[in-house]
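The values are calculated or read from the model by the stated rules, or taken from the named source; none is laboratory data. If you're wondering where the values come from, they're calculated on a predicted model, not measured in any experiment. Virtual Cβ from ideal backbone geometry, glycine too; neighbours counted across all protein chains shown. Side chains included, ligands, DNA and RNA excluded: accessible areas come from the protein's heavy atoms. Shrake-Rupley method; radii C 1.70, N 1.55, O 1.52, S 1.80 Å.
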Amino acid sequence: MTEYIIEPPVQPSIAVADSAARFPVRRIFCVGRNYAAHAREMGKDPDRDPPFFFTKPADAVVDDGVEIPYPSCTGNFHYEAELVVAMGSTASRVSEEEALDHVWGYAIGNDLTRRDLQLEAREKGRPWDTGKAFDHSAPVGPVHPVSSVGHLSEGAIQLHLNGELKQSGDLNELIWSIPEMIRILSELYVLEPGDLIMTGTPAGVGPMQAGDTCVVSIAGLGELTTRIEA
Ligand code: MN
């Protein structure tokens with residue numbers, strides 16, 4: 001048995017719907033600007049340029065219903081409602097036809113963003129990590145297995161902040177479909193079980209304040225509630 005000089009980190013994980021078992025998280029890949037209206041609100045053309053990706057650390061995941069602190073070093077802390085794909089088997093250079101065979105299930109996510117830091121990095125051509133990959137930046141609800149919900153290609157995705165509708169879209173508006181994203185990511189990386197893919201957000205992103213409650217819903221997957229500490 002390996003002896004470690006410090007206590008090894010706890011395996012990050014997310015809940016599984018209707019199960020006491022947990023889904024272990026290996027990596028979190030995120031897709032930028034995957035809904036046309038959101039690309040436009042961010043001042044970019046919603047064209048079919050190849051998609052671009054960024055990542056969050058696995059231990060940024062936060063369960064449904066957990067209260068998180070308002071993050072440091074930002075005055076413009078944003079929500080982003082997203083569908084999350086949970087990978088269940090190794091996918092390397094897979095075709096779009098094979099891609100969905102490697103999906104274990106789907107969950108609701110919130111790609112929390114320090115927008116001021118992200119935009120400053122974007123303007124200066126710097127990495128997005130401080131804007132996107134911070135502690136508690138990835139609330140993800142329970143994973144629903146494909147065996148119970150099937151594969152998702154359409155259905156409402158919404159976000160309410162303090163009860164007010166802020167984002168409303170449909171999964172059929174994704175610029176890059178889930179099979180296309182998996183095909184492209186599997187060329188860049190060997191995707192492994194436990195990898196998550198956050199698939200982009202519809203239009204309507206905006207700021208949250210301390211004490212706010214943010215609820216993301218996706219048809220068939222229920223809700224994901226995140227509260228910001230007062
Ligand atoms: Mn996003």
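Before moving on, here are some points about what is shown:
- Selected residue [of a type in the set (A, V, I, L, M) and out of contact with any Cys (no Cβ under 7 Å at 6 or more places or on another chain)] from 119, 159: 119
- Flag for residue 202 being within 14 Å of the ligand (Cβ to nearest atom), open to solvent by less than 40 Å² (accessible area, probe 1.4 Å), closer than 19 Å to residue 50 by Cα and out of contact with any Lys or Arg (no Cβ under 8 Å at 6 or more places or on another chain): yes
- Of the criteria (1) assigned to a strand (DSSP E or B); (2) open to solvent by 10 Å² or more (accessible area, probe 1.4 Å), which one residue 187 fails: (1)
- From 103, 84, 31, residue being within 23 Å of residue 218 (Cα to Cα) and out of contact with any helix residue (DSSP H, G or I) (no Cβ under 8 Å at 6 or more places or on another chain): 84
- Members of the range 205-217 that are open to solvent by less than 50 Å² (accessible area, probe 1.4 Å) and in contact with a Phe, Trp or Tyr (Cβ under 8 Å, 6 or more places away or on another chain): 205, 206, 208, 214, 216
- The listed residues are 31, 61, and the only one of them that is closer than 16 Å to residue 132 by Cβ, within 13 Å of the chain's Cα centre (by Cα), within 14 Å of the ligand (Cβ to nearest atom) and among the hydrophobic types (A, V, I, L, M, F, W, C) turns out to be 31.
- Looking across the range 67-88, the residues that are within 16 Å of the chain's Cα centre (by Cα) and more than 16 Å from the ligand (Cβ to nearest atom) come down to 86, 87.
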